[in-house]
Amino acid sequence: MSRFIGPRSGDAIFSSVERVNAELFTLTYGATVRQLLTDLEDVDEVNKQLDQMGYNIGIRLIDEFLAKSNVTRCVDFKETAEVIAKVGFKMFIGVTASVTNWNADGTCCSIVLEDNPLVDFVELPDTCQGLYYCNILSGVIRGALEMVSMKTEVTWLRDVLRGDDAFELQVKLLKQVPEEYPYKDDE
Amino acid sequence: MAAAAAIYSLFIINKSGGLIYYKDYGSAGRMDTNDSLRVASLWHSMHAISQQLSPIVGCSGIELLEADTFDLHCFQSLTGTKFFVVCEPGTLQMDALLKVIYELYTDYVLKNPFYEMEMPIRCELFDLNLSQAVQKDRVALLGR
Amino acid sequence: MIGVGKIKQYSNVLDKPLNKGKQEVSLSAFAFLFSELVQYNQTQVDNIAELERRLEDAGYAVGARVLELLCHRERGNRRETRLLGILSFVHSTVWKILFGKVADSLEKGTEHEDEYMISEKELLVNRFISIPKDMGTFNCGAFVAGIVRGVLDGSGFPAVVTAHFVPMEGQQRPRTTILIKFAEEVLRREARLGG
């Protein structure tokens, strides 16, 4: 029995929202990464900054996701992961992801992306081999989930730009903070 | 300009109970800054208490308060931001209007690089689009 | 699993065929990214002029690549050599690819021979952005000015390009004008080529 109410796929939402050519998005992201590499001069720092920028986006984007998807509430982390993969990715960047590799207690899984508009035209030069080019995505997921009371850790397991066959993000639930009642009973 | 629907005022409060947006329409129920801040924090607490008092597990708080002289419709997003309108008793389509306002907020507030999260909303485009949304004929269309 | 093996692996990005440029993302995804780009750049500057310059730089990188992409894909590796040709390429082809429509207008400056203006009632990048009063005439369209400069520069038409809000009669919101001031050499060359 599930209390989940909302779409099972983001296709209908994606086709109803206003869209732009993915190349504008891809090239703007490329320009952002390029600026960070120039400013910070260190690949690890760039990874950190991309994650932070993603987090900043995530804490804002979650409201749009909730408003447009009509997702009311997810029962558990498992359902949440499915919704991110099937509805979230589609609704914003037009691609569908799949969820695999669940651990036994349902607190850790992988989100696998076959396709990703951020990386069109991209190849990592030798000087940037340590770069997680799409690190902004992991930040977005972490930020968005934090706003609905789920503390997570998101790490890359596979990256096409590093020679893997897909993009794989591991999402680990660290803590689920229940919705807060602002006053303690014994106060 | 077309007439506003029978709405007295609109409040947006952040998840800690701080008033981040207040707008009144027309003369009825107009209040000064202190009063509006008080209403916001009072509502924030009452809303939280109602969740606790409710016999239903997972209750998300008061959605409608009916009084002799006004109705108060409230919508709380899953992220904890509350939007509420105070309007003439029996005004229709307020839930749909709150949903529209939530969407305007995600567009013209959250996508504005100059807006700082949880802070008072000062965004010209939000004001502009909001004043269109609350016009009577627009609100009536929400029912279709 | 969905779509496994759908993407063919290429050992080199250059071997991968260019797609047709028909893929889309939501406007929101772009708007959130652009907003974050502006916010990041705000942390890197002391004043508004510098913020403008940095957004323009980011746009320039986009413009330079758009030019390569379009020349290759749509024009069989040919590019414009005449002033009006390149302006109409920016106003129509580039605008259409990036913003889904041709720009609202392309005009010649009335006071200066070397100035042209591309105007848009509502620039896509400004769709959700309200400029705080204390930022004066700042316009995030600086990013688009950078794109234009990137395209022009890459085509051999160096210019100074800036973005401005221009109030419109009977409109609540000002439109944005991208002002292009060509370098002297461009006008000299154009005069040499004749009409």
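The values are calculated or read from the model by the stated rules, or taken from the named source; none is laboratory data. Values in this document were obtained by computation on a predicted structure and should not be read as measured data. As a convention, Cβ positions derive from the backbone with ideal geometry for all residues, glycine included, and neighbour counts pool all protein chains shown.
What are the residues in region A:93-121 that are over 13 Å from A:PHE25 (Cβ atoms), out of contact with any strand residue (DSSP E or B) (no Cβ under 8 Å at 6 or more places or on another chain) and at pLDDT 90 or above, if any?
A:THR96, A:ALA104, A:ASP105, A:GLY106 - these are the residues of region A:93-121 that are over 13 Å from A:PHE25 (Cβ atoms), out of contact with any strand residue (DSSP E or B) (no Cβ under 8 Å at 6 or more places or on another chain) and at pLDDT 90 or above.
Select, from A:VAL95, A:VAL46, the only residue that is surrounded by fewer than 22 Cβ atoms within 10 Å (Cβ to Cβ), touching a residue at least 12 places away in the same chain (Cβ under 8 Å) and either within 12 Å of another protein chain (Cβ to nearest Cβ) or in a helix (DSSP H, G or I) (or both). Steps first, please.
Working: A:VAL46 fails: surrounded by fewer than 22 Cβ atoms within 10 Å (Cβ to Cβ).
Result of the check over A:VAL95, A:VAL46: A:VAL95.
Every residue, every condition in (1) touching a residue at least 40 places away in the same chain (Cβ under 8 Å); (2) assigned to a loop (DSSP other than H, G, I, E, B); (3) more than 14 Å from chain C (Cβ to nearest Cβ), yes or no:
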position: B:PHE83; (1), (2), (3): yes, no, yes
position: B:LEU98; (1), (2), (3): no, no, yes
position: B:THR106; (1), (2), (3): no, no, no
position: B:PRO113; (1), (2), (3): no, yes, no
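Considering each residue of region A:135-172, count those that are without any contact (Cβ under 8 Å) to a residue 40 or more places away in the chain and closer than 23 Å to A:THR28 by Cα, and give that number.
Counting residues in region A:135-172 that are without any contact (Cβ under 8 Å) to a residue 40 or more places away in the chain and closer than 23 Å to A:THR28 by Cα gives 3.
Considering each residue of region C:21-53, count those that are assigned to a helix (DSSP H, G or I) and away from chain B (no Cβ under 11 Å), and give that number.
First, the residues of region C:21-53 that are assigned to a helix (DSSP H, G or I): C:27-42, C:48-53.
If we keep only those that are away from chain B (no Cβ under 11 Å) too, we end up with C:48-50, C:52-53.
Total satisfying the criteria: 5.
What residue, among those in region B:52-71 that are closer than 30 Å to A:ALA144 by Cβ, among the hydrophobic types (A, V, I, L, M, F, W, C) and in contact with a strand residue (DSSP E or B) (Cβ under 7 Å, 6 or more places away or on another chain), is farthest from the other protein chains (Cβ to nearest Cβ)?
First pass over region B:52-71, keeping only residues closer than 30 Å to A:ALA144 by Cβ: B:52, B:54, B:56-64.
Of the ones still in play, those that are also among the hydrophobic types (A, V, I, L, M, F, W, C) are B:56-57, B:59, B:62, B:64.
Those left that are additionally in contact with a strand residue (DSSP E or B) (Cβ under 7 Å, 6 or more places away or on another chain): B:62, B:64.
On the way: B:ILE62: 14, B:LEU64: 18 Å.
Across region B:52-71, the extreme among qualifying residues is B:LEU64.
With (1) over 29 Å from A:ILE62 (Cα atoms); (2) surrounded by fewer than 17 Cβ atoms within 10 Å (Cβ to Cβ) as the list, and B:LEU65 as the residue in question, which single condition is left unmet?
B:LEU65 satisfies every listed condition except (1).
Of the residues C:GLU68, C:GLU56, C:GLU80, which is touching a residue at least 40 places away in the same chain (Cβ under 8 Å) and in a loop (DSSP other than H, G, I, E, B)? First the steps, then the outcome.
On the way: C:GLU68 fails: in a loop (DSSP other than H, G, I, E, B); C:GLU56 fails: in a loop (DSSP other than H, G, I, E, B).
Checking each option against the conditions leaves just C:GLU80.
Give A:GLU23, A:GLU82 a once-over and let me know the one that is more than 11 Å from chain C (Cβ to nearest Cβ), over 18 Å from A:GLY143 (Cβ atoms) and part of a helix (DSSP H, G or I).
Details: A:GLU23 fails: more than 11 Å from chain C (Cβ to nearest Cβ).
Matching residue, one of A:GLU23, A:GLU82: A:GLU82.
Name the one entry in A:THR107, A:THR127, A:THR152 that is surrounded by 22 or more Cβ atoms within 10 Å (Cβ to Cβ), more than 30 Å from C:LYS22 (Cα to Cα), away from every other protein chain (no Cβ under 11 Å) and not aromatic (Phe, Trp, Tyr). Before the answer, list the steps.
On the way: A:THR107 fails: surrounded by 22 or more Cβ atoms within 10 Å (Cβ to Cβ); A:THR127 fails: surrounded by 22 or more Cβ atoms within 10 Å (Cβ to Cβ).
So the residue among A:THR107, A:THR127, A:THR152 that is surrounded by 22 or more Cβ atoms within 10 Å (Cβ to Cβ), more than 30 Å from C:LYS22 (Cα to Cα), away from every other protein chain (no Cβ under 11 Å) and not aromatic (Phe, Trp, Tyr) is A:THR152.
Of all residues in region C:116-144, which are of a type in the set (A, V, I, L, M, F, W, C) and within 14 Å of another protein chain (Cβ to nearest Cβ)?
If we filter region C:116-144 for residues that are of a type in the set (A, V, I, L, M, F, W, C), which is where we start, we get C:117-118, C:123-125, C:128-129, C:131, C:135, C:138, C:140, C:142-144.
The answer is C:LEU123, C:LEU124, C:VAL125, C:PHE128, C:ILE129, C:ILE131, C:MET135, C:PHE138, C:CYS140, C:ALA142, C:PHE143, C:VAL144.
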